[in-house]
Amino acid sequence: MGYCSRSQAAVLIRAGRVTVNERIVRDPERPARMPQDRIEVDGSPLDKQPAIYLIMNKPRGVVTTASDEKRRETVYDLLEPGLPWVGPVGRLDKASEGLLLLTNDPEWAARVTEPVSHLDKKYHVQVDCVADDDLLARITRGCAAETSVGRESFEREPAEHLRVKGARLLRHGDKNSWLEITLDEGKNRQIRRLLEAQGVQVLRLVRVSIGPLELGDLKKGSVRPLTAVEKEEIDRALRVVA
């Protein structure tokens, strides 16, 4: 319905603040029949919110979360005050930057992020070496890499096969290079883990496109609505996949 995030909704429901057809429901997994069921929050009817689709150029160091226990800056600090709730479409970790979509349309967000959509996502990645054809071939072919786990964990997770759809050299200096890497799937810290498995460190990672949508010249930290043309181009790409 675009009212809040799934986690926020679960908190409201378990607190008894949500009714379905005038009866309190405390189970967040209880099915609802839309639009037949009447849902209220704190006694106010829940109406479907107008759809919002935003593009952000996320700066490095900003976390993709609604609240942070460490009081770090979040993507929500960059949004205009008073904006209805929106959620990120996928994630960029704290050290990554670039194109991030936000929306209050959860069905559309799921279609963009689900693996079967196979929307290509392109990244410009600075690495701490002068990349050659062999490195590009190895990351395209893929390899087993350790699964990311918290530092507090003492158990080693099974290795996971990681690969990229495409990789090419953009430019290089004496000690580092910029690569353009294309993914058609999304796994946790996929590019960083894959390159680390090759003994290569990522210095910067910038997402520059999702499907037909490009970051363009949007300034770092800026947010704007998707144009009708941009939204239709993404929808068309999703229909082609379907």
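The values are calculated or read from the model by the stated rules, or taken from the named source; none is laboratory data. Just so it is clear, the model here is predicted, and its values are computed rather than measured. No Cβ is skipped: glycine too gets one built from the backbone with ideal geometry, and neighbour counts run over all protein chains shown.
Numbers below:
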| item | result |
| --- | --- |
| Test for Pro115: is it modelled with pLDDT under 95 and touching an Asp or Glu at 6+ places or on another chain (Cβ under 6 Å) | yes |
| In the stretch 42-69, the residues that are β-branched (Val, Ile, Thr) and either crowded, with 20+ Cβ neighbours inside 10 Å or within 12 Å of the chain's Cα centre (by Cα) (or both) | Ile55, Val62, Val63, Thr64, Thr65 |
| Failed criterion for Val200 (all others in (1) touching a strand residue (DSSP E or B) at 6+ places or on another chain (Cβ under 9 Å); (2) assigned by TED's automatic domain parsing to the domain that holds Arg60; (3) not small (Gly, Ala, Ser); (4) not in a strand (DSSP E or B) hold) | (2) |
| All positions within the stretch 208-242 that are over 16 Å from His118 (Cα atoms), basic (Lys, Arg) and not in a loop (DSSP other than H, G, I, E, B) | Arg224, Lys231 |
| Failed item, numbered, when Lys94 is tested on (1) out of contact with any Leu (no Cβ under 8 Å at 6 or more places or on another chain); (2) assigned to a strand (DSSP E or B) | (2) |
| Filtered residues of the stretch 86-107 (kept if modelled with pLDDT under 90 and either in the same structural domain as Ile191 (by TED's automatic domain parsing) or within 12 Å of Gly2 (Cβ to Cβ) (or both)) | Pro106, Glu107 |
| Every residue from the stretch 75-118 that is more than 11 Å from Lys58 (Cα to Cα) and among the small types (Gly, Ala, Ser) | Gly82, Gly87, Gly90, Ala109, Ala110, Ser117 |
| Residues (under 12 Å from Ile55 (Cβ atoms) and either in contact with a strand residue (DSSP E or B) (Cβ under 8 Å, 6 or more places away or on another chain) or outside the structural domain of Val112 (by TED's automatic domain parsing) (or both)) located in the stretch 220-236 | Ser222, Val223, Arg224, Pro225, Leu226, Glu230, Lys231, Ile234 |
| Whichever residue in the stretch 75-95 is over 30 Å from Arg26 (Cα atoms) and not hydrophobic (A, V, I, L, M, F, W, C) and, among such residues, is surrounded by the fewest Cβ atoms within 10 Å (Cβ to Cβ) | Pro81 |
| Which listed residue is farther than 23 Å from Lys58 by Cβ and either touching a helix residue (DSSP H, G or I) at 6+ places or on another chain (Cβ under 8 Å) or in contact (Cβ under 8 Å) with a residue 60 or more places away in the chain (or both), from Arg168, Arg189 | Arg168 |
| Residue satisfying condition, being at pLDDT below 95, surrounded by 15 or more Cβ atoms within 10 Å (Cβ to Cβ) and not aromatic (Phe, Trp, Tyr), within set Ala197, Ala110, Ala167 | Ala197 |
| Where a residue in the stretch 84-97 is at positive phi and its partner, wherever it lies, is among the small types (Gly, Ala, Ser) and exposed (fewer than 15 other Cβ atoms within 10 Å of the Cβ), with Cβ under 7 Å and at least six apart | Gly90/Gly186 |
| Yes/no for Val206 being surrounded by fewer than 14 Cβ atoms within 10 Å (Cβ to Cβ) and not charged (D, E, K, R) | no |
| Odd one out for Arg72, checked against (1) surrounded by 15 or more Cβ atoms within 10 Å (Cβ to Cβ); (2) of a type in the set (D, E, K, R); (3) more than 11 Å from the chain's Cα centre (by Cα) | (1) |
